[in-house]
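Accompanying notes for the structure given below.
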């Protein structure tokens, strides 16, 4: 059963379970137990599975370790410590050394010193094992097993298939999973199966301890942590306790609008005002952490601050730095160290500092633009004021009118403690393939034994036997893959139902290619003209995208258009003053999607706004805004104006009204159909492509698609029956998924994701025979691979997984279907308007450009049409 | 379609009716195996497809088949599969007493053993009356012979990207132009995928074909489409929008 612990234990009770010396050490350092410790220590001591959700700085790590340390110290005193791993600690953070040093190694040393004053004790060994651990260190661990093993999900996967070290894991007693909130992805799916493999190897069932920042729904997260067990009545989640210590930290969160009027203002004015605000905030505080949503924005913010305030940030002694995942490890460590030493005024980061790396005292967090989800807003803001009882101070500085509305509603949700939900991906066939390969390297398996083990994982509990057997077939080189020697990684004997490994290189291939994080490499985009901006770095595009660019192509990056001129090494040079529309879709977008729950909250606000605007004057409406949202006068005025404009000019779309806007760009002769479907990008990704497909099929022409969190548009030179297409879809919401499964293969995003899946499923080996290959090469050859695999079977497991990943993880087919149901049930009404210029609510959407292209026209038909077109032009010219 | 009087493009191959000669180039047998060695575990289907296509072409009843270079892909040792596929394709071509000429390509450095097994000679170039076949990675003095009026080459894997708005598709194509005083036809690769090198984007590989803007383009689709000169296409189409 999953059970929430309602109240904390008493301090005396907790003291009782701790070893004398551990107790003595603890109270020499702390006055009292933290609330998290009062909740958590006893259940862990009693060996119960537990999920602890608490804000950053909530002493979670020490809570998890305290009962374990106490147990180990007792053993060590009695000289009963064995040469085995007692506890495995897994964290998705790559740089966990500092955190562990503070929370584990230092306390252990201090306790040891305390004990040794009185008596002898064995040394308690703590070792870190990651991709960086040397062969030498690994050898040492074989002789002297670390009692506490610190590792990452990837390294754990490798250890589980190791020949010798596995013997040290035969009696693991505790497993700690830290930062669970960062594992709602394929890395998490991979880890969940690793946990079952670990339990299978261990003769003792290890207790599972999960640590998480603010997250929802806790019950599902708990199930993810503990997995399932097979009982007489079928599969059931294992028992788990939940501790929720959220929101005890006070939140001082506000939305700031840099200008009173953010609609009638130039981009330049807005930018100036924005950086003035940011600079002022930095100056008023000791250390500020600034979050942006993308890596490229991180660099941009630093450059602008240095340029605009050189005497403050462009000094000899560095006062500002960047911290994001594309920067080198050394650089990141440097920044973290300087932060702890209080040497920096501000650090700009994207997502890399969201997690619990120890960075010392931060007194202000600035969020530049919407963090897109309430949970993320709270996690980021939680980095300020490090101790549990202190207030976290956060300021969201908005970038435009849509951002303002979004952040204002987000603030309301955060203050009213409504957290958006996370979903863990399920039945990922590529991850499964990797694990099955790892399992057969470990030993020979019976088919059913293996299937049962896999289903213990939360992420694979609902795996169908067909899917499982298909992956086995794929790995065994069936599917008419001739010449089995190359492709088969396992053998499966249908007579004995046994599965085993194949090939001498199996272990080597597994060890060097394991992992779920797709490899991408980025190319800098640098301005070559106009002259006054020469050499300005504006961001990055990925290498595979660069390969598609042709001279003079126009593409969109960070909301601006650039004309590609030429590439030199890892730099792409562009012209920044370009008027033409984009010629190539920007499918490389790395934007964070708006959560569905937050989207609905904004929709609700829109509806209330419409009601108020219909019957009240400006003052009354503004009164409502101030009461409903927690915003200042500037923001209130801006929100009012934005909605009022839309109200007068067009219609306000909201939770029960979906507005479709028709607009023709006379200059380009291009027709736009804009859907004001504020359901977040992940839902719009689905709806836009389904509608585009139906429209394109009807007209037999390709359609351009633009997508944002607030809606999407279709564009073409021809008339589009878009409204009809939406109605057709809503008549049969359940038909959406099969339709999308067909459609998705025709999009650009599919090619890229196919490469990721083929790499995870080990059909593309990143490292093979000691050779690494560039991402560009990988992408090119993955397309060839797809071409071939598709000919073999339309239903090839990797193709199927690619579709699942796109529809469920990247996009949100479930909620998209829900929206269609709402339309069908009449909960959402469709209204259309025809406009001469785009309405205020659609401006941002239209200017951001294309995201994808729906290919419908057959290649040969396209060739014939181009032939006619070009011949005609040549003939006209020659006359 | 006739690319030049007496020279007909049939799919990706060239048919010279007067001499009953069929020309194929850049088959790159073993491409998938080479990929597998790099760690891209691509199942094999190309050779199978290729055999079917060759079978269809042999219905033209050629007396001579010229493989204009790069019969196989690998630079390194010949793999078992590659050996097997290559022999099978050569057997198909040699059937009914046909003559097979193997022109040496840059990938053919170790074609020797296979050729020897079939008693075939590998040549740097092959002259047939006024026509000269050569792969295209090197030029030979003998080729410049005044009596030679037409050069047939491969090596480039020519393909063209056609674009409209954001849409872009790549097609294989033949090129017809001039090298010195000789008409020159460049054949597309016979290998089905990838399509080849985009002539609107990339530079030519051949040392003697630097500027091809005056070359005429024949696109391979369901049939052959004569698109006109590259420079005209570039001017009129929306390559530059």
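Per the listing A:344, A:367, A:355, the residue uniquely part of a loop (DSSP other than H, G, I, E, B) and either more than 17 Å from the chain's Cα centre (by Cα) or assigned by TED's automatic domain parsing to the domain that holds residue A:845 (or both) is A:344.
Is it the case, given these coordinates, that residue B:69 is within 22 Å of residue B:150 (Cα to Cα) and within 14 Å of chain A (Cβ to nearest Cβ)? So residue B:69 fails the test. One residue alone among A:431, A:440, A:405 is buried (at least 23 other Cβ atoms within 10 Å of the Cβ) and under 20 Å from residue A:253 (Cα atoms), and that residue is A:405. Only residues that are in contact (Cβ under 8 Å) with a residue 12 or more places away in the chain and either closer than 26 Å to residue A:189 by Cβ or not in a strand (DSSP E or B) (or both) were counted in region A:515-531, giving 9.
Do we have residue B:190 as away from chain A (no Cβ under 14 Å), part of a loop (DSSP other than H, G, I, E, B), modelled with pLDDT of 80 or more and in contact with a strand residue (DSSP E or B) (Cβ under 9 Å, 6 or more places away or on another chain) here? Yes; evaluated as a whole, the condition is true for this residue. Residue selection: residue A:744 fails the criterion of being part of a helix (DSSP H, G or I) and within 14 Å of another protein chain (Cβ to nearest Cβ).
Okay, residues lined up against (1) part of a strand (DSSP E or B); (2) surrounded by 18 or more Cβ atoms within 10 Å (Cβ to Cβ); (3) at pLDDT 70 or above; (4) touching a strand residue (DSSP E or B) at 6+ places or on another chain (Cβ under 9 Å):
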site: A:535; (1), (2), (3), (4): no, no, yes, yes
site: A:545; (1), (2), (3), (4): no, yes, yes, yes
site: A:552; (1), (2), (3), (4): no, no, yes, yes
site: A:556; (1), (2), (3), (4): yes, yes, yes, yes
site: A:562; (1), (2), (3), (4): yes, yes, yes, yes
site: A:578; (1), (2), (3), (4): no, no, yes, yes
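Listed here are the residues, each with its yes/no results for (1) at pLDDT below 90; (2) out of contact with any helix residue (DSSP H, G or I) (no Cβ under 8 Å at 6 or more places or on another chain); (3) within 14 Å of another protein chain (Cβ to nearest Cβ).
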| site | (1), (2), (3) |
| --- | --- |
| A:435 | no, no, no |
| A:443 | no, yes, no |
| A:463 | no, no, no |
| A:475 | no, no, yes |
| A:488 | yes, no, yes |
| A:492 | no, no, no |
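Out of contact with any strand residue (DSSP E or B) (no Cβ under 7 Å at 6 or more places or on another chain) and either away from every other protein chain (no Cβ under 14 Å) or over 30 Å from residue A:747 (Cβ atoms) (or both): does that describe residue B:146? Criteria met by residue B:146. Within region A:2-37, being in contact (Cβ under 8 Å) with a residue 12 or more places away in the chain and either closer than 15 Å to residue A:53 by Cβ or not assigned by TED's automatic domain parsing to the domain that holds residue A:121 (or both) holds for A:2, A:3, A:4, A:5, A:8, A:34, A:35, A:36, A:37.
Counting the residues of region A:647-674 that are in contact with a helix residue (DSSP H, G or I) (Cβ under 7 Å, 6 or more places away or on another chain), part of a strand (DSSP E or B) and without any contact (Cβ under 8 Å) to a residue 60 or more places away in the chain gives 2.
Restricting attention to region A:141-159, does a residue exist that is more than 30 Å from residue A:29 (Cα to Cα), assigned to a loop (DSSP other than H, G, I, E, B) and assigned by TED's automatic domain parsing to the domain that holds residue A:64?
yes
All conditions in (1) over 21 Å from residue B:14 (Cβ atoms); (2) surrounded by 13 or more Cβ atoms within 10 Å (Cβ to Cβ) hold for residue B:91, with the sole exception of (2). The numbered conditions (1) at pLDDT below 85; (2) in contact with a strand residue (DSSP E or B) (Cβ under 9 Å, 6 or more places away or on another chain); (3) within 11 Å of chain A (Cβ to nearest Cβ) are all true for residue B:219 except (1). Among residues that are closer than 26 Å to residue A:788 by Cβ, more than 14 Å from every other protein chain (Cβ to nearest Cβ) and at pLDDT below 85, residue B:155 is not included. For region A:159-183, the set of residues classified as touching a helix residue (DSSP H, G or I) at 6+ places or on another chain (Cβ under 7 Å) and free of Cβ contacts under 8 Å to residues at least 40 places away in the same chain consists of A:159, A:164, A:165, listed by residue number.
Residue count for region B:18-74 under the criterion of being farther than 17 Å from residue B:194 by Cα, out of contact with any helix residue (DSSP H, G or I) (no Cβ under 7 Å at 6 or more places or on another chain) and part of a strand (DSSP E or B): the result is 4.
Here's the yes/no breakdown for (1) in contact (Cβ under 8 Å) with a residue 12 or more places away in the chain; (2) crowded, with 21+ Cβ neighbours inside 10 Å; (3) in contact with a helix residue (DSSP H, G or I) (Cβ under 9 Å, 6 or more places away or on another chain):
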residue: B:106; (1), (2), (3): yes, no, no
residue: B:112; (1), (2), (3): no, no, no
residue: B:118; (1), (2), (3): yes, no, yes
residue: B:133; (1), (2), (3): yes, yes, no
residue: B:141; (1), (2), (3): no, no, no
residue: B:145; (1), (2), (3): yes, no, no
residue: B:151; (1), (2), (3): yes, yes, yes
residue: B:155; (1), (2), (3): yes, yes, no
residue: B:172; (1), (2), (3): yes, yes, no
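The residue that is surrounded by the fewest Cβ atoms within 10 Å (Cβ to Cβ), counting only those in region A:184-211 that are touching a helix residue (DSSP H, G or I) at 6+ places or on another chain (Cβ under 6 Å) and under 23 Å from residue A:244 (Cβ atoms), is A:208. Selection over region B:37-47 of residues that are within 19 Å of residue A:478 (Cβ to Cβ) and more than 7 Å from chain A (Cβ to nearest Cβ) gives a count of 0. Please enumerate the residues belonging to region A:494-510 that are modelled with pLDDT of 85 or more and either away from chain B (no Cβ under 14 Å) or more than 18 Å from residue A:768 (Cα to Cα) (or both). Listed by number, the residues that qualify are A:494, A:495, A:496, A:497, A:498, A:499, A:500, A:501, A:507. Filtered by the rule that a residue be assigned to a helix (DSSP H, G or I) and within 12 Å of residue A:605 (Cβ to Cβ), region A:628-641 gives A:628, A:639.
Based on this model, can you work out whether residue B:176 counts as away from chain A (no Cβ under 12 Å), in contact with a strand residue (DSSP E or B) (Cβ under 8 Å, 6 or more places away or on another chain) and under 28 Å from residue B:64 (Cβ atoms)? For residue B:176, the condition - away from chain A (no Cβ under 12 Å), in contact with a strand residue (DSSP E or B) (Cβ under 8 Å, 6 or more places away or on another chain) and under 28 Å from residue B:64 (Cβ atoms) - is met. Among the residues examined, residue B:50 does not qualify as within 14 Å of chain A (Cβ to nearest Cβ), surrounded by fewer than 14 Cβ atoms within 10 Å (Cβ to Cβ) and in contact (Cβ under 8 Å) with a residue 40 or more places away in the chain. Applying the set (1) farther than 27 Å from residue A:823 by Cβ; (2) outside any helix (DSSP H, G or I); (3) more than 10 Å from chain B (Cβ to nearest Cβ) to residue A:718 leaves exactly one unmet item: (1).
The values are calculated or read from the model by the stated rules, or taken from the named source; none is laboratory data. Worth saying up front: this structure is predicted, and the values here are computed from it rather than measured. Please note: Cβ atoms are built from the backbone with ideal geometry, for glycine as well, and neighbour counts cover all protein chains shown.
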